[in-house]
1. What does the extension gain come out to for ASP122 and GLN330, with contour length at 0.36 nm per residue minus their alpha carbon separation?
2. Sorting LEU217, LEU52 on the 10 Å Cβ count, fewest up front, what's the list?
3. Once the other residues with Cβ under 10 Å from the Cβ of GLY230 are scored (Lys, Arg +1; Asp, Glu -1), what is the net sum?
4. With a point put 7 Å past each Cα toward its Cβ, work out how far SER28 is from ASP223 in nm, to one decimal.
5. Order by neighbour count: VAL82, VAL260, VAL131, fewest other Cβ atoms within 10 Å first, most last.
6. How would you order 135-148, 103-116 from highest to lowest mean count of nearby Cβ atoms within 10 Å?
7. Find how much the distance from GLU162 to SER247 grows on full extension, using 0.36 nm per residue of separation minus their present alpha carbon separation; answer in nm with one decimal.
8. About its Cα centre, what dipole magnitude does the range 46-403 give when the only charges are +1 on Lys and Arg Cβ and -1 on Asp and Glu Cβ, stated in debye to the nearest 20?
Amino acid sequence: MKNISRILIPFLLIAVLAITGCGNPKISIEAKAAELTQGFEQEVTDAFEFTLSMRIGWNLGNSLDAHQHLTPNEVVWGNPRVTQELMNGVAAQGFGAVRIPVTWGNTINDRDNYSISERWMDRVEEVVGYVLNAGMKAIINIHHDGADSYFWLSVKNTDIVEPNKSAIDEKFTAVWSQIAQRFKDTGQDLIFEGFNELHDGSWGNGNAAQHNRVNELNQIFVDTVRAAGGENSNRYLLIHGWVTRPSVTVSSLVMPTDTVKSRIIVGIHFYDPFDFTLGATQSRWGDKSNFGGWGNEPHIQREFRMVREAFVDKGIPIIIGEYGAGNQAQDRFPYRKYYMEYVTKAAFDNGFVCFYWDNGGFGAGKEKSGLLKRSDGTPHDSAAAEIISVMMKAVNEDYLISNIAAP
């Protein structure tokens, strides 16, 4: 077993603090890892420490995943072309990683062994380079190709049986083989994510056959990347369960077998309660703020505890690949700020690394999740700056979640 850091518990926890550029005390990853594993006779794997080192991430949403009838076009959904200046700005805000959702769609030639357009592959590689050049880690995936099972990466009941199943397997393998070959010499700061939110279009919990199909695709993904050689032989890989819902992931995800130990990360997404986070029909949040309703603080704690017990406590790291609360009217801002600090802190306390979903949408209303200007990565406005501030506080400062003030 190579490059495995063992942390034996019980362990004398020594607080090792570094000073960030903004002057706040930063929790050391070593101390955080020890705290998270206290009381468990286990080893903390490379993947666990690697994941924690990112602290918090940011999504380049609605850019390389944007498309028109499944033809990728990074400006078609209203965001400008991605630049090195943007990624430098994201890093300057304190983010340690960028998730780059990618739609491949019609750049894949079904009549030519599923070959991917060189021009599109070059652009993806260029944007990955911007992130790495800025000193952050990067994640790339297959994104809207599997959106609601509308397109080729479908998990509808009719597509998880023959002959459709074999055709999808062939294409999925070909796509990941080409991506892995293109990046085989790119170092370990690039993570591959097999797919996004696979479900049958209903957003429901699915059935056993569909859950098994997602597990099969995860195994194909791992096998295909490893077969590509180079850095792929031990690259960190991010996998998902059905629809990325925490409860279904816990109950149905089967960890794929791998040729190398300690290189697989499990991903979930978290938008509870949706009416508050993205739907913009609920204006307040939090039992502590005297707003009773589903999805408040006790729900957050139950969901995260369930995920931690299933994965983190067994040495398997967790990334929340998407989360956040979008912009609504001005009087809703204190609740948004409270939610973002509370959820980020609860996640980090449980050993998860969160990636904020930023789609470049400003203003107020449904799915208006923009935080950073796409020109230079600075906060869009003073409200965005406050949100970023509490997120960074949650992952960099040592304090009790119970001390977070509610509106």
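1. On the way: separation 208, 0.36 × 208 = 74.88 nm, distance 4.16 nm.
Between ASP122 and GLN330, full extension yields 70.7 nm more.
2. Working: LEU217 26, LEU52 22.
Ordered by Cβ neighbours within 10 Å, fewest first: LEU52, LEU217.
3. Working: positive: LYS184, ARG235; negative: ASP185, GLU231.
It works out to a net charge of 0.
4. 4.3
5. On the way: VAL82 21, VAL260 15, VAL131 28.
The fewest-first ordering by Cβ neighbours comes to VAL260, VAL82, VAL131.
6. Details: 135-148: 22.1, 103-116: 16.6.
Sorting 135-148, 103-116 by mean packing, highest first, produces 135-148, 103-116.
7. Working: separation 85, 0.36 × 85 = 30.60 nm, distance 2.89 nm.
Extending this stretch completely gives an extra 27.7 nm.
8. The calculation lands at about 400 debye.
Only the coordinates and a few stated rules stand behind these numbers; no lab work does. Computed from a predicted structure; not experimentally measured. Please note: Cβ atoms are built from the backbone with ideal geometry, for glycine as well, and neighbour counts cover all protein chains shown.
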